[in-house]
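Okay, so here's the structure we're looking at.
No lab work stands behind these numbers, since they all come straight from the coordinates. This is a predicted model, so every value here is computed, not measured. No Cβ is skipped: glycine too gets one built from the backbone with ideal geometry, and neighbour counts run over all protein chains shown.
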Amino acid sequence: MRFENKVCIVTGAASGIGQATAIAFAKEGAKVVLTDLSDMTETISEIELITHHSSLLNAILRKEKML
């Protein structure tokens, strides 16, 4: 497990390349932090099957108006 005791942050984790990356990191033993504006239920379910656990933190990210 190449990423054991490591934390990987994956953006766009709800689908496509981001989802595949998150799952690959989980398979390699990483703790994975997922971010996306879309629903990540499928990705979370896949990772739970691999790791047998998960933690969920809901956050709203927004861009402040630039000055």
If the cut-off is a Cα-Cα distance under 14 Å, which aspartates and glutamates reach residue 6, setting aside same-chain residues fewer than 8 apart in sequence? 28
Nearest 10 degrees, 0 to 90: what angle lies between the long axis of helix 16-27 and the longest principal axis of the chain (Cα atoms)? 40
Identified option (computed Cα extents along the principal axes in Å; candidates (i) 56, 22, 13; (ii) 45, 22, 22; (iii) 35, 21, 17): (ii)
Reachable aspartates and glutamates from residue 31, Cα under 16 Å, same-chain residues fewer than 8 places away excluded? 4, 46, 48
Of 16, 47, 5, which is farthest on the positive side of the dipole of the chain, counting Cα position, with +1 on Lys and Arg Cβ, -1 on Asp and Glu Cβ, and the Cα centre as origin? 5
Would you mind counting up the charge near residue 1? Only other residues with Cβ under 15 Å from its Cβ, with Lys and Arg at +1 and Asp and Glu at -1. +2
Estimated 222 nm signal from helices in the chain, with DSSP H stretches of n ≥ 4 weighted -39500 (n - 2.57), rounded to 500: -10500 deg cm²/dmol
Dipole of the chain, Cα-centred, from +1 at each Lys and Arg C-beta and -1 at each Asp and Glu C-beta, to the nearest 20 debye? 320
Please report the relative contact order for the chain, taking Cα pairs under 8 Å with a sequence separation of at least 6, and give it as a percent rounded to a whole number. 31
